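Q: The structure is given below, and queries will be raised subsequently.
Laboratory data are not the source of any read-out in this text; all were calculated from the coordinates shown. Bear in mind the structure is a predicted one, so any value in this text is a computation, not a measurement. Every residue, glycine as well, gets a Cβ built from its backbone with ideal geometry; the counts of neighbours run over all protein chains shown.
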Amino acid sequence: MTSSLSHRSGAQARAPWLTLQRRDAIEGWLFVSPTLLGFLIFFLGPLIAIFIYAMSDWNFLSGEATFVGLTNFEDALLENPDFWHVLRNSAVFALGLVPLNVALALFLAVALSRPFRGVIIFRTIFFAPVITSAIAWAIVWKFMLQGEGGPINQMLALIGITGPNWLREPNWAMAAVIVTRVIKMVGLNMILYIAALQAIPRDYDEAAGLEGASRWQIFRLITWPLLGPTTLVIVVLTTIGSFKVFDHIYQMTGGGPENGTLVLAFYIYQQGFQFFDIGYASALAIIMFVIVTILTLIQVSLRRKDDA
Amino acid sequence: MKGIFTLTASAMVLMAAQASAQDLRVAVYTSSEPHLKLLNQLADGFKASHPGVNVRFETIPVADYTQKLSFQVAGGKAPDVAWMMEDAAPAFIEANILMDLTPVLQAFPNYDLADFTDPAMALWRKGDQVYGVPFSTSPFLIYYNKAMFDKAGLEDPKQLAEKGEWNMTKFQEVSKQLVAANPGKYAFEFKDGEGYASRMTHALLPPIRAYGGDLWENGQCGLESPGAVKAVQQIHDMVFKDKTIVPPGTQGDYFSGDSAMTVNQISRASKMKEAGFDWGVAPLPTGPNGEEGPVIGQAGFVVFEASPNKELAAELVAQMTDKEGVAALAQFFPPARRSVLTSDAFLNKNQYLSPEMMGFVAAGIEKGRVVAAHERVPQILAAMKPRVDALWRPDADVAKSLQGVCAAIQPLL
């Protein structure tokens with residue numbers, strides 16, 4: 001035994017197995033293993049499961065499941081007109097919410113990035129809705145937006161405007177859920193923008209000012225390009241968030257009126273947890289995943305083009 | 001060290017004792033202390049006659065009840081016994097996951113299955129087999145704010161019902177007078193203020209039944225029948241022309257005194273304690289020619305086929321729904337047993353409703369039909385919803401809108 005060991009170690013130039021590199025690697029794996037384990041169990045596992053579910057017709061109650069291949073995807077993309085209606089609603093929601101949210105967040109951040117008396121109070125006021133319960137928020141707005149006797153319409157009546165029945169008319173309902181969602185979430189993007197603005201050295205502004213640049217020129221030619229990476233993150237996160245919106249719709253409109261606010265995440269919930277059609281719901285979830293991934297890649301590539 | 005040994009030994013003894021005991025889990029959607037106390041009392045009787053059996057009630061919040069129950073079933077963790085709401089029952093029965101209780105109920109001493117009224121059992125029977133036993137058969141009633149009727153100088157719905165004048169025409173008439181006499185208030189609010197959303201069928205069903213129709217029957221949509229169109233047209237006029245019913249998108253809570261009337265079941269009587277106004281209950285208004293069409297909401301006990309103790313679970317259901325069990329439950333849940341419906345205890349000893357009011361409840365149960373059910377209710381409601389939304393526009397053509405609803409749901413029926 002001893003001789004064979006010494007023979008082997010001799011043959012391998014006496015390199016110990018546990019090299020510094022290996023030890024580092026093992027340590028590294030040990031450090032990331034809890035996260036990795038969590039990722040495998042709570043993310044990758046369900047992700048794989050969802051692909052399997054999507055290719056089955058699974059009656060949730062009886063427990064009977066049959067393999068149906070890509071039928072659920074075909075149903076959604078080719079046969080079910082509801083799906084395209086829902087996708088259109090999600091697109092309208094995202095197109096309404098993302099620019100409004102980003103523009104308002106930027107405006108607030110510019111206004112509140114410089115120190116002045118009471119700035120913390122203003123920041124807190126705009127950030128508070130972010131940490132408010134989404135359900136409570138939606139309930140309050142549902143009350144505010146009542147058709148008859150709602151506080152918003154009462155205020156409009158004071159200036160001679162007859163407000164619409166906000167949550168009962170499809171177009172107004174979509175506008176109402178977008179705006180109330182923006183007010184709820186804009187504080188988060190505002191904070192990200194404030195952090196980014198504060199990281200821009202003041203020297204740039206001062207130098208441009210000395211060169212005679214106007215405040216608008218400074219913002220357009222210096223500040224805005226430097227905010228690019230932050231804007232990308234904000235746009236990507238807000239877009240993903242807008243496609244995933246559920247609680248807000250669930251409480252404020254339930255997808256109505258006339259399916260006018262039935263968005264993809266709510267539709268997936270309806271198919272999976274109200275109709276118990278887990279196969280179809282899983283296929284929809286995968287389609288949503290693909291859509292969000294494509295949108296993210298487009299945004300990243302546009303950003304790269306800008307940088308180039 | 002000795003302490004650790006003693007503790008381990010005690011734990012093992014306890015675990016062994018638990019393993020040997022048969023544990024029956026009953027899923028319910030009430031968290032009310034008095035309800036659970038009563039259920040536990042009934043279970044104690046069962047435990048006394050079945051030594052070694054333990055009964056545990058598990059509350060699942062009512063809003064997610066059916067959904068969570070479904071997840072438990074799908075996850076192989078179905079309870080042994082569960083409460084089941086009427087709209088969920090057909091889907092569970094059709095999925096063949098509920099136990100046929102007939103043999104156990106028939107063998108149970110003095111059970112008398114025929115004592116249950118036929119309308120009450122219709123939902124739970126499939127052929128000769130019984131898949132559930134209703135413990136709550138609760139008719140829809142009109143709740144009214146007596147003070148608002150007095151202010152308008154009007155006879156209240158109870159008085160009108162006693163005179164045989166409480167019909168849909170009178171309902172519309174008094175509604176106008178109520179609004180005129182109580183500015184800023186509404187005459188009527190749909191059930192739980194949800195008549196344009198989660199309770200859209202509960203809003204439509206009472207008037208439609210009063211006009212001799214139904215939402216659907218024998219696989220046929222009934223919403224475009226002449227009676228249904230007339231009924232919905234009348235309600236539509238009350239919402240948008242008379243402006244007497246709380247309109248869509250507005251809150252007008254009856255229990256806060258914002259509306260003079262609403263439709264609900266006797267379980268809501270407990271809320272009236274805090275309302276702070278004089279109130280009463282009356283039957284639903286009859287049709288224009290006096291036709292009655294009471295509507296009943298229902299819940300029943302079911303046993304899951306997958307339960308390892310299903311025979312025992314079925315016996316528990318039998319004991320809880322025999323004559324004594326139903327009489328005890330009748331304190332809170334209107335019974336479907338004829339013998340209990342006519343009993344002194346049920347009619348005269350309710351803590352919220354007077355014997356006179358309870359008379360309306362008993363009559364509603366005797367004559368009423370359970371709300372329209374179907375194994376695909378969730379899909380039907382989802383298909384209905386956008387079309388019913390279109391119906392509740394001020395300029396909607398009611399007949400055309402109802403045709404649209406039927407076109408959407410007929411394939412599912």
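Q: Give me the distance in nm between label points sitting 7 Å out from Cα along the Cα-to-Cβ direction at B:Gln233 and B:Gln67, one decimal.
A: For the pair B:Gln233/B:Gln67, the computed spacing is 3.9 nm.
Q: What distance in nm separates the simple spin-label points at B:Ala306 and B:Gln331, each placed 7 Å from Cα in the Cβ direction?
A: That separation, rounded to one decimal, is 3.4 nm.
Q: What FRET efficiency comes out for B:Glu165 versus A:Thr132 if R0 is 35 angstrom and r is the Cβ-Cβ distance? Round to the nearest 0.05.
A: 0.10
Q: Among all stretches of chain A without exposed trypsin sites (Lys or Arg not before Pro) (DSSP loop, at most 15 other Cβ atoms within 10 Å), which one is longest?
A: Longest run free of exposed loop sites: A:118-243.
Q: Dividing the alpha-carbon Rg of the protein assembly as shown by 2.2 N^0.38 Å yields what?
A: Relative to the 2.2 N^0.38 Å estimate, the protein assembly as shown comes out at 1.18.
Q: Separate question: Report ³J(HN,Hα) in whole Hz for each residue of the stretch A:65-77, in order, from the Karplus equation J = 6.51 cos²θ - 1.76 cosθ + 1.60 where θ = phi - 60°; Gly and Pro get x.
A: 10, 10, 6, 10, x, 9, 4, 4, 5, 4, 4, 5, 7
Q: OK, next. Efficiency by 1/(1 + (r/R0)^6): what FRET value for B:Glu366 and B:Gln22, r their Cβ-Cβ distance, R0 = 30 Å, to the nearest 0.05?
A: So, using R0 = 30 Å, E works out to roughly 0.20.
Q: Select from the stretch A:92-165 those chymotrypsin sites (Phe, Trp or Tyr not before Pro) which occupy a DSSP coil region and have at most 10 other Cβ atoms within 10 Å, ordered by residue number.
A: Passing sites in the stretch A:92-165 are A:Phe116.
Q: Here's something else I'd like to know. Which GluC sites (Glu not before Pro) in the stretch A:190-292 pass both tests, a DSSP loop state and at most 13 other beta-carbon atoms within 10 Å?
A: A:Glu211
Q: Shifting gears a bit: Can you pull out the trypsin sites (Lys or Arg not before Pro) in the stretch B:177-266 whose DSSP state is coil and whose Cβ has at most 13 other Cβ atoms within 10 Å?
A: Within the stretch B:177-266, the qualifying trypsin sites (Lys or Arg not before Pro) (loop, at most 13 other Cβ atoms within 10 Å) are B:Lys241.
Q: Relative to the longest principal Cα axis of chain B, at what angle does helix B:226-240 sit, 0 to 90 degrees, rounded to 10?
A: Roughly 80 degrees between the two axes.
Q: Taking the Cα atoms only, what angle lies between the long axis of helix B:398-409 and the longest principal axis of chain B, rounded to 10 degrees?
A: 30
Q: Between B:Asn167 and residues 5 or more places away or on another chain, which pairs have amide H atoms under 5 Å apart, with H built 1.01 Å from N, and which residues are they?
A: Answer set, sorted by chain and number: B:Thr286.
Q: I've got another one for you. At A:Ala175 and A:Leu30, where each label point lies 7 Å from the Cα along Cα→Cβ, what is the point-to-point distance in nanometres?
A: Calculated label separation equals 6.2 nm.
Q: Oh, and also: Hydropathy at least 0.5 by Kyte-Doolittle, axial extent at least 20 angstrom from the Cα trace: which helices of chain A, defined as entire DSSP H runs, fit?
A: Flagged H segments are A:81-113, A:170-199, A:228-243, A:278-307.
Q: Turning to a different aspect of this structure: Quick one: 3J(HN,Hα) in Hz for the stretch B:74-88, Karplus 6.51/-1.76/1.60 with θ = phi - 60°, rounded, Gly and Pro as x.
A: Result, ordered by residue: 4, x, x, 10, 4, x, 6, 10, 8, 6, 9, 7, 4, 6, 8 Hz.
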